[in-house]
Structure formats: C-alpha cells, structure tokens
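Asks: The following block contains the structure, expressed as structure tokens.
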C-alpha cells in the first residue's frame, strides 16, 4: 500500500484542524465584540439615580378622584444644605434658575400623565374646589464636581439632590395636606475615565469606565432635577391608580429605596414642609 495515502490523510486532518481553530478564533472574536457593545451600552446608561424614599398619606380623608387642576408653587430652599460654588447674586441667580426649571418640568409632566397643571406664584390666591396644590422644598443640594465625576468617578464629585413635597387638597378650608413625598438621589457612583487606562490589562470590562467619561458630562443637578420630577409624578400617578381614579395603564412606577430612610432633624427636615398655605 502506498504510504503517501496515509501522509495525505494526515495532512488533510491537519488542514481540518487548522480550519476549526480559525473558526473558534472567529467565534471568540465575535463574542468579544458583542460583549464590548453590550458593555459600552450599559456604561453609557445613566449611573445617576433618584429614588422615592417616602410616600406617606397624611389623612384618612385623602382625595379619591383626579383633580380638575394641580397648582404648583415654586420650591423653597433649605439654605443650610445648599452647597454650590456660588454666592451673593450668582447664588440667587442659580436658585432662581433651579426653581424655574423644576417648576416648569413638573407642570409639564403632571399635565401629561396626571392632570392639568399650572404654575402659580408663592403668594397667589388659591381657588376652592377639586384642586390640588403642590408645595415643595429642596432639602439638600450639592453640585459636586463634573470634572471629578467624568475623570475619577467612584462617587468622587457626585451630586446630591433631596426634596420634600407636600400635596394639599383645596376642596377644604383651610387647605389640608394629604400626601408627603420625599426623594433622594444624585450621581455618580461608577468609575470615571481613569479606568480606561486599565483596558489592555482588564479587557472589555474597562469600557464601563470609558462610558462614564460621557456620563459624567451629562450628569449633574440639571439631570437630577429631571429625575426627581419623574419620581414625584410617578408617585402621584400611583396614588390615583390605587384609588381607581386613573386606569391601570396610566400608572408610572416610582423607583423606591429598598430600605426606608428616616428624616434627619440635623438637616432641618420636618414631617410636613413647608408651612401650610392659607
């Protein structure tokens, strides 16, 4: 028997083995590419978060139907817990801009998901009837550092925004508070862009850090305010859906803290804040 037949067979087997190795390499490369895309997508998602830490019904005679209109007063500030890099006129301008942004977005989102809403001045007279009034306060504002959020991360330079919201029933005189909401949150707990230096050592997992370079630039009090508004409106929609005033498909689910937190008297929080409107 010709020995070249065996040689050819061995050579063919070798070629087949090489082909399978190449396929495995291509498959591994494809898996890595898909994993990298997934990780980048996850990294680019917001690493900031605002949650609802309290939603207390304050009376057994709380409203059970959707209001004809919701009036929104501009938020107050707990000045002792406002930490920003401004003072004097610049601080007042910052506070005015923040209250305008908060009120405008809250009115817009309430009108879209709960009931028609309207912004009113702090001293505006209030009608009596099937109306609600929202009074709020920024309990804590810490602007952090955008540079540190983008470059370092891991909580460095993170923002913090906490609010208290009281909803009043205007069908009674004097108006009666019936719902207390408190939110807390901020950004940014994820690693920053420095983590990308570890890419060649750690592979695609370091891409989380690369994404946070962009996350840091789009986080901050502006986005925290928007997230806070979303939680407030979600809590009000849940309140009405639970009482049959809104259909179930109108429910917006609030993100609640897993562990309830209690108000800290050292920061000046009170059970119902601000003062009752008259």
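Asks: Filter the stretch 75-95 down to the residues that are surrounded by fewer than 18 Cβ atoms within 10 Å (Cβ to Cβ), part of a loop (DSSP other than H, G, I, E, B) and in contact (Cβ under 8 Å) with a residue 12 or more places away in the chain and list them by number.
Replies: 84, 85
Asks: Only one of (1) touching a residue at least 40 places away in the same chain (Cβ under 8 Å); (2) part of a loop (DSSP other than H, G, I, E, B) fails for residue 60. Which number is that?
Replies: Just one mismatch for residue 60, condition (1).
Asks: Hey, any hits in the stretch 261-274 for a residue that's under 17 Å from residue 54 (Cα atoms), modelled with pLDDT of 50 or more, part of a helix (DSSP H, G or I) and touching a strand residue (DSSP E or B) at 6+ places or on another chain (Cβ under 8 Å)? Show your work before the answer.
Replies: As a first pass, look at the stretch 261-274 and keep what is under 17 Å from residue 54 (Cα atoms): 261-265, 267-274.
Next, only the ones that are modelled with pLDDT of 50 or more stay: 272.
Right, trim to part of a helix (DSSP H, G or I) and you get none.
Scanning the stretch 261-274 turns up no residue that is under 17 Å from residue 54 (Cα atoms), modelled with pLDDT of 50 or more, part of a helix (DSSP H, G or I) and touching a strand residue (DSSP E or B) at 6+ places or on another chain (Cβ under 8 Å).
Asks: For residue 130, work out the one condition from (1) surrounded by fewer than 23 Cβ atoms within 10 Å (Cβ to Cβ); (2) at negative phi; (3) at pLDDT below 95 it doesn't fulfil.
Replies: Residue 130 satisfies every listed condition except (3).
Asks: So how many residues does the stretch 158-170 have that are more than 20 Å from residue 107 (Cα to Cα) and either part of a loop (DSSP other than H, G, I, E, B) or in contact with a helix residue (DSSP H, G or I) (Cβ under 6 Å, 6 or more places away or on another chain) (or both)? Let's see the steps before the verdict.
Replies: Kept after step one, since they are more than 20 Å from residue 107 (Cα to Cα), are these residues of the stretch 158-170: 158-160.
Keeping just the survivors that are either part of a loop (DSSP other than H, G, I, E, B) or in contact with a helix residue (DSSP H, G or I) (Cβ under 6 Å, 6 or more places away or on another chain) (or both) gives 158-159.
Looking only at that region, the number is 2.
The rows are residues; the columns are (1) part of a helix (DSSP H, G or I); (2) within 24 Å of residue 100 (Cα to Cα); (3) touching a helix residue (DSSP H, G or I) at 6+ places or on another chain (Cβ under 8 Å); (4) at pLDDT below 95.
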| residue | (1), (2), (3), (4) |
| --- | --- |
| 204 | yes, no, yes, yes |
| 212 | yes, no, yes, yes |
| 222 | yes, yes, yes, yes |
| 229 | yes, yes, yes, no |
| 232 | yes, yes, yes, no |
| 237 | yes, yes, yes, no |
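Asks: Same structure, new question: For the stretch 96-131, enumerate the residues that are assigned to a helix (DSSP H, G or I) and in contact with a helix residue (DSSP H, G or I) (Cβ under 9 Å, 6 or more places away or on another chain). Steps first, please.
Replies: Our first condition is that a residue be assigned to a helix (DSSP H, G or I); within the stretch 96-131, this holds for 96-113.
Scanning the stretch 96-131 gives 98, 101, 102, 105, 106, 108, 109, 110, 112, 113.
The values are calculated or read from the model by the stated rules, or taken from the named source; none is laboratory data. Computed from a prediction, not measured in an experiment: that's the story for all the values here. Virtual Cβ from ideal backbone geometry, glycine too; neighbours counted across all protein chains shown.
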